[in-house]
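See below for the structure under consideration.
Since every read-out is calculated from the coordinates, none of them should be taken as a lab result. Predicted, not measured: the structure shown is a model, and the values here were computed from it. Methodologically, a virtual Cβ is constructed for each residue, glycine included, from the backbone with ideal geometry; neighbour enumeration extends over all protein chains shown.
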Amino acid sequence: MFSREFEDPLAKHILTPYPSSSSSNQFAPISNINPAQWRTLQSDVDKILDEYSSSPVQNQDDTPKVLRAFLKYLCEEAKTLLMQEIKQFNGRTALKQLRNFLVDSILKTMLIAGGKQPKSLTPSPIVIPGLSAEESQNQLELRSDHTAAKQACLRRDNNRCIITGMIDDEYVRSLPPQRYGDLTSCTTECAHIIPFALSKFNQNSTQESEIKDEIWRAIYRYFPFAKGKISSENLNTPANAITLWTDAHEHFGAFRIAFEPMNRVNQYRIHNLTITSVVGRFLPTSIIFNQSERAVAMPDPDLLRLHYQVSMILQESGIRQRYERTMWESEDNLIHNIQSDGSTDLGNILSSKMLTDI
């Protein structure tokens, strides 16, 4: 028997609503603007953000920094849209809300969801304690799909971590001893490019459905090239997965490792945003993906592009560092450390737990 297999990390995620203004409901972004209009728009946005920076709403307000990070790495279509939004919401309160909307719907969502996956176990016809029969069946199907995706990716990736070239432990054990030679093996995992936790796990939950729908609308809005390629329904597919050494998966899921698509098909520049980690010692500067089994789809470059853009925005904005620091501090301020004299700052602990102050 086993316990609940996958707790949705986004089940209680709080999203800041999209900012509104007297004309926001009628706001129709102009997609086809000429170069002169684009330069004027960019100049106007620079002035707006510079003015905001000169007298922020409160101390350590990073609104201009976050918005500039998005503008630096978004594709041209999304960048134009965001610049139009910044110009439309040219007011301190609205711009701060736009910043919070982007951070909650995209950056914190990706960090909270990144790397979370179901256990790759062989399904068994039992009811999982604590879940209804329907929920148990959903969990078993989820694990079965994930196991199938992992096996497909292993065949495609030649049973190796695609970054380090280390061979999957289980595959090595299937080989005769005389073939071991100088092989270096490791535990591998099926690493989802767009986090698996963006799936919908409980179709009967209106709250979960609304949260996931809002998140996907934001993703499609600012990463339009992903629309039609990925959704909450098809995250567990080889096109959205790569085989990684467990330690590398941890960093990839935390958006500390990113693959930037290059001009050559299946070639990527690797960005190591975790300089001090031992994982970085195993990372090449670039890589070309090989396809050992033609029947299995290759990782979609647009999905890796989305992951890369989010990784760089997280790094440039400082949000990833703030998120990780908040999580570390939360571990040192657990509820059981509450002082009997009432001196414990419960508000700070709870806000850190909910990540509301990032």
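The lysines whose alpha-carbon is closer than 22 Å to the alpha-carbon of Lys87, local same-chain residues fewer than 8 away aside, are Lys47, Lys65, Lys72, Lys79, Lys96. Here region 192-254 has an Rg and Dmax of 12.9, 36 Å, counting Cα atoms alone.
Other residues whose C-beta falls under 14 angstrom from the C-beta of Glu76 contribute a net charge of +3, scoring Lys and Arg +1 and Asp and Glu -1.
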